[in-house]
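Participant: One structure is given below, represented as structure tokens, and several questions about it will come after.
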Amino acid sequence: MPQLDTLTFFSQFFWLCIFYLGFYLALVKYFLPKMSRILKIRNLKMNAGSASGPLQEMKQEHEIIKHQRDQSLLNALKESRQLFQESAQSTQVWLQKVLEDVNKNQLQEMNKAYIQSVSDLSTSQALVLNNLKTIIAPSSYKASGILTAQDSSKDLFFTAKVLETLEQ
């Protein structure tokens, strides 16, 4: 094993001791005194605190910051809620406007064509029924499923009313 070679073992051990000794002396001479002074000053400040001492001031400052944070969060939530409501309302107004425009411009012609076809069908059905009534005897109306004249006039009246409302 090259780590335990007797020729290089002494030199490796020597340099290891030199570096550790140098690191230890630097810590003891420079860093530990600074750290101990900082810890002593902290202890003095903490122990010297009375009702108006640094500890109480830190607590008060912490409470003020916490209150400000809560207020900021509350204001942000209120604003976002208000913006969301405004956005929803404006979207609803826009959607209503678009629907009205589509119904007025594009669907009105289709609705008229549909109503016209329905009225044509109902008129042709009424004509067929009238033709059947002239051919078939009145006593067989119920058996053949033919409506009476009064029922077909109600259908025609309804169709006329639907056409009038759409034309307005």
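Nothing in this text is a laboratory measurement; each read-out follows from the coordinates by a stated rule. Not measured: the values here are computed from a predicted model.
Participant: Under Stokes-Einstein, with the Kirkwood radius over Cα pairs standing in for Rh, what whole-number D in µm²/s applies to the range 34-106 at 37 °C and 0.692 mPa s?
Facilitator: On the way: Rh = 17.6 Å.
After rounding, the answer is 187 µm²/s.
Participant: Over 15 Å, how big is the tail of the calculated P(r) for the range 91-132, in percent of all Cα pairs?
Facilitator: Details: 519 of 861 pairs.
Value for the range 91-132: 60 percent of Cα pairs lie more than 15 Å apart.
Participant: Can you list, bin by bin at 10 Å, the percent of alpha carbon pairs in the range 1-122, starting at 0?
Facilitator: Bin by bin from 0 Å, the calculated values are 9, 12, 10, 11, 10, 10, 10, 8, 7, 7, 5, 1.
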